[in-house]
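Written below as structure tokens is the structure these notes are about.
The values are calculated or read from the model by the stated rules, or taken from the named source; none is laboratory data. Quick caveat: nothing in here was measured; it's all calculated off a predicted structure. Using ideal geometry, Cβ is built from the backbone for each residue, glycine included, and neighbour counts are taken over all protein chains shown.
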Amino acid sequence: MLRENVIHADLSPYNVLYADGLPVIIDLPQAVDPRFNKAAQRLLQRDVKNIASYFRRHGITLDHERWSDDLWRRFVLGEL
């Protein structure tokens, strides 16, 4: 999504459906364009943290800070 200039801005496990072997993100009315939103990096961090918290409850540990920082860095550098 970030590659397409979209940050969900309210991502939770309830917004991720699984269909035909692929995740499908729903509920996008609050989505922001990171090129024009000053809070975009913080919103991305919150989205990644929310998903990481879900996986943690199921025994999968993700370093949400590292993931969100790496995604943001790659976005800024045009590497996505």
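Could you grab me the full set of residues in region 16-48 that are among the aliphatic types (A, V, I, L, M) and in a helix (DSSP H, G or I)?
As a first pass, look at region 16-48 and keep what is among the aliphatic types (A, V, I, L, M): 16-17, 19, 22, 24-26, 28, 31-32, 39-40, 43-44, 48.
Hits for region 16-48 are Ala40, Leu43, Leu44, Val48.
Without any contact (Cβ under 8 Å) to a residue 24 or more places away in the chain, surrounded by 13 or more Cβ atoms within 10 Å (Cβ to Cβ), touching a helix residue (DSSP H, G or I) at 6+ places or on another chain (Cβ under 8 Å) and of a type in the set (A, V, I, L, M): which single residue out of Leu11, Leu71, Leu62, Leu2 fits that description? Talk me through it step by step, then tell me what you get.
Working: Leu11 fails: without any contact (Cβ under 8 Å) to a residue 24 or more places away in the chain; Leu71 fails: without any contact (Cβ under 8 Å) to a residue 24 or more places away in the chain; Leu2 fails: without any contact (Cβ under 8 Å) to a residue 24 or more places away in the chain.
Of the residues listed, the single one that is without any contact (Cβ under 8 Å) to a residue 24 or more places away in the chain, surrounded by 13 or more Cβ atoms within 10 Å (Cβ to Cβ), touching a helix residue (DSSP H, G or I) at 6+ places or on another chain (Cβ under 8 Å) and of a type in the set (A, V, I, L, M) is Leu62.
Can you tell which of Ile51, Ile60 is in a loop (DSSP other than H, G, I, E, B) and aliphatic (A, V, I, L, M)?
Details: Ile51 fails: in a loop (DSSP other than H, G, I, E, B).
The unique qualifying residue is Ile60.
Looking at Asp10, is it of a type in the set (Asp, Glu), within 12 Å of the chain's Cα centre (by Cα) and assigned to a helix (DSSP H, G or I)?
Numbers: of a type in the set (Asp, Glu): yes; within 12 Å of the chain's Cα centre (by Cα): yes; assigned to a helix (DSSP H, G or I): no.
Answer is no for this residue.
Checking Gln30 against (1) closer than 20 Å to Trp72 by Cβ; (2) surrounded by 13 or more Cβ atoms within 10 Å (Cβ to Cβ); (3) not aliphatic (A, V, I, L, M): exactly one of these is not met. Which one?
(2)
Considering (1) assigned to a loop (DSSP other than H, G, I, E, B); (2) surrounded by fewer than 16 Cβ atoms within 10 Å (Cβ to Cβ); (3) at pLDDT 95 or above; (4) not hydroxyl-bearing (Ser, Thr, Tyr), say which one Leu80 fails and leave the rest.
All conditions are met except number (3).
Restricting attention to region 61-73, does a residue exist that is under 19 Å from Arg3 (Cα atoms) and either of a type in the set (Gly, Ala, Ser) or touching a Ser or Thr at 6+ places or on another chain (Cβ under 6 Å) (or both)? Full working, then the answer.
From region 61-73, those under 19 Å from Arg3 (Cα atoms) are 64-73; that's our starting set.
Right, trim to either of a type in the set (Gly, Ala, Ser) or touching a Ser or Thr at 6+ places or on another chain (Cβ under 6 Å) (or both) and you get 68.
Within region 61-73 (the criterion being under 19 Å from Arg3 (Cα atoms) and either of a type in the set (Gly, Ala, Ser) or touching a Ser or Thr at 6+ places or on another chain (Cβ under 6 Å) (or both)), the answer is yes, since at least one residue qualifies.
Please specify each residue of region 40-59 satisfying the condition of being among the basic types (Lys, Arg) and surrounded by 15 or more Cβ atoms within 10 Å (Cβ to Cβ). Spell out how you get there, then give the answer.
First, pick out the residues of region 40-59 that are among the basic types (Lys, Arg): 42, 46, 49, 56-57.
Passing the criteria: Arg46, Lys49.
Regarding Arg46, is this residue free of Cβ contacts under 8 Å to residues at least 40 places away in the same chain, more than 13 Å from the chain's Cα centre (by Cα) and on the phi < 0 side of the Ramachandran plot? Explain how you work it out, then say what you get.
On the way: free of Cβ contacts under 8 Å to residues at least 40 places away in the same chain: yes; more than 13 Å from the chain's Cα centre (by Cα): no; on the phi < 0 side of the Ramachandran plot: yes.
No; evaluated as a whole, the condition is false for this residue.
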